[in-house]
Amino acid sequence: MAGAQRVAVLGLGGMGSPMAANILRAGLPTVVWNRRPEPARRLGELGAEVADAPGDAVRRADVVITMVTDADAVLDIADGRGMLAAMPDGAIWAQMSTIGVDGTGRVARLVAERRPGVVLVDAPVAGSRGPAEQGKLLVLASGPEEARERTAAVFDAVGQRTVWVGPAGAGSRLKLANNLMLAFLSEGLAEAIAFGRALGLDRSAVLGALQGGPLAAPWAAEKMERIARDDYSPQYPLTLALKDVNLALREVDVDRFAVASTLAAQWQRAVDRGFGADDVTVVTRALEH
């Protein structure tokens, strides 16, 4: 595609890999890097350029995406591994990992101190692996007005909608609110099913009543189908879901948000029992047993 923006995607886990694949499908020249080389090699077979190091990935990029686990990983790539120093002046850094308010502040300070010529866009996404594969994520973008048009083709490739919510940092705040709602939906679904079992009801009967009901939004309906099959393969691993709840709780008085605090403690017990690598819906199994 003549004149298409060159995109670098750093971090090719359960979200980053399908996002990079969709950017490729949109016809944007794409460079990828990952700590483990195998995901990058697979994308290379689809047409991506594979870089050996973060700095190599971003040297000619117009838009750089980071999609990794936490703030420490983001800062290691940006500072420790040379990504930020290698970015061209005027390039956009779309930081799309969920790293919370403090983590986003650390990123913003790093850019201001080291590379003020780089444009920071704070743009975490709502959605798990399934929507990422389908290009149906919700992009919660925040940053300068000048970045909107320049990121539109990239965000359109990975998401079905982009919501701009103010200066950089607002996107991460909105993501915490979104994930807290998701946590309560997950817990409510798990508790309803486990409670039915505790009352002696067959799980299939409980699921049959809930599926297709007025509360069965598309997300819940898809999760109930997987629970019915005892399919807890990770779309949104419990460890990451717990990380996101804890990120939210760091920003508020936990006594004021006591229900969220109790949920986090219950999920921590499930992680301690060995359920952390499974999908967040595995809380159903943890409660049942």
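The values are calculated or read from the model by the stated rules, or taken from the named source; none is laboratory data. Quantities reported herein were computed from a predicted structural model and do not represent experimental measurements. Please note: Cβ atoms are built from the backbone with ideal geometry, for glycine as well, and neighbour counts cover all protein chains shown.
Pairs only if they're at least six apart or on different chains, beta carbon under 9 angstrom, first in the stretch 249-264 and touching a residue at least 12 places away in the same chain (Cβ under 8 Å), second among the acidic types (Asp, Glu) and surrounded by 12 or more Cβ atoms within 10 Å (Cβ to Cβ); list them, first residue then second.
Cβ pairs passing all conditions: Arg250/Asp102; Glu251/Asp102; Leu263/Glu187.
Quick check, is Ser233 surrounded by fewer than 19 Cβ atoms within 10 Å (Cβ to Cβ) and in contact (Cβ under 8 Å) with a residue 40 or more places away in the chain? Working first, answer last.
Values: surrounded by fewer than 19 Cβ atoms within 10 Å (Cβ to Cβ): yes; in contact (Cβ under 8 Å) with a residue 40 or more places away in the chain: yes.
In short, yes.
Here is a list: Asp72, Asp79. Which entry is more than 20 Å from the chain's Cα centre (by Cα), modelled with pLDDT of 95 or more, of a type in the set (Asp, Glu) and at negative phi?
On the way: Asp72 fails: more than 20 Å from the chain's Cα centre (by Cα).
The match here is Asp79.
Considering each residue of the stretch 78-127, count those that are in contact (Cβ under 8 Å) with a residue 60 or more places away in the chain and part of a helix (DSSP H, G or I), and give that number.
The total comes to 8.
Among the listed residues Arg36, Arg60, Arg41, identify the single one that is touching a Lys or Arg at 6+ places or on another chain (Cβ under 9 Å), of a type outside the set (S, T, N, Q), modelled with pLDDT of 95 or more and surrounded by fewer than 17 Cβ atoms within 10 Å (Cβ to Cβ).
Working: Arg36 fails: touching a Lys or Arg at 6+ places or on another chain (Cβ under 9 Å); Arg41 fails: touching a Lys or Arg at 6+ places or on another chain (Cβ under 9 Å).
Checking each option against the conditions leaves just Arg60.
Take Ala132 and decide whether it is of a type in the set (Gly, Ala, Ser), more than 22 Å from the chain's Cα centre (by Cα) and outside any loop (DSSP other than H, G, I, E, B). Before the answer, list the steps.
Working: of a type in the set (Gly, Ala, Ser): yes; more than 22 Å from the chain's Cα centre (by Cα): no; outside any loop (DSSP other than H, G, I, E, B): yes.
Considered against the rule, which asks whether it is of a type in the set (Gly, Ala, Ser), more than 22 Å from the chain's Cα centre (by Cα) and outside any loop (DSSP other than H, G, I, E, B), Ala132 comes out as no.
Run down Asp156, Asp122 and say which single residue is over 21 Å from Ala217 (Cα atoms), of a type outside the set (A, V, I, L, M), in contact with a Gly (Cβ under 9 Å, 6 or more places away or on another chain) and surrounded by fewer than 20 Cβ atoms within 10 Å (Cβ to Cβ).
Details: Asp122 fails: surrounded by fewer than 20 Cβ atoms within 10 Å (Cβ to Cβ).
That would be Asp156, the only listed residue that is over 21 Å from Ala217 (Cα atoms), of a type outside the set (A, V, I, L, M), in contact with a Gly (Cβ under 9 Å, 6 or more places away or on another chain) and surrounded by fewer than 20 Cβ atoms within 10 Å (Cβ to Cβ).
Six or more apart or on different chains, Cβ under 7 Å: which pairs go from a residue in the stretch 186-213 that's in the same structural domain as Leu238 (by TED's automatic domain parsing) to one that's small (Gly, Ala, Ser) and part of a loop (DSSP other than H, G, I, E, B)? Could you list them?
These pairs meet every condition: Leu210/Ala216.
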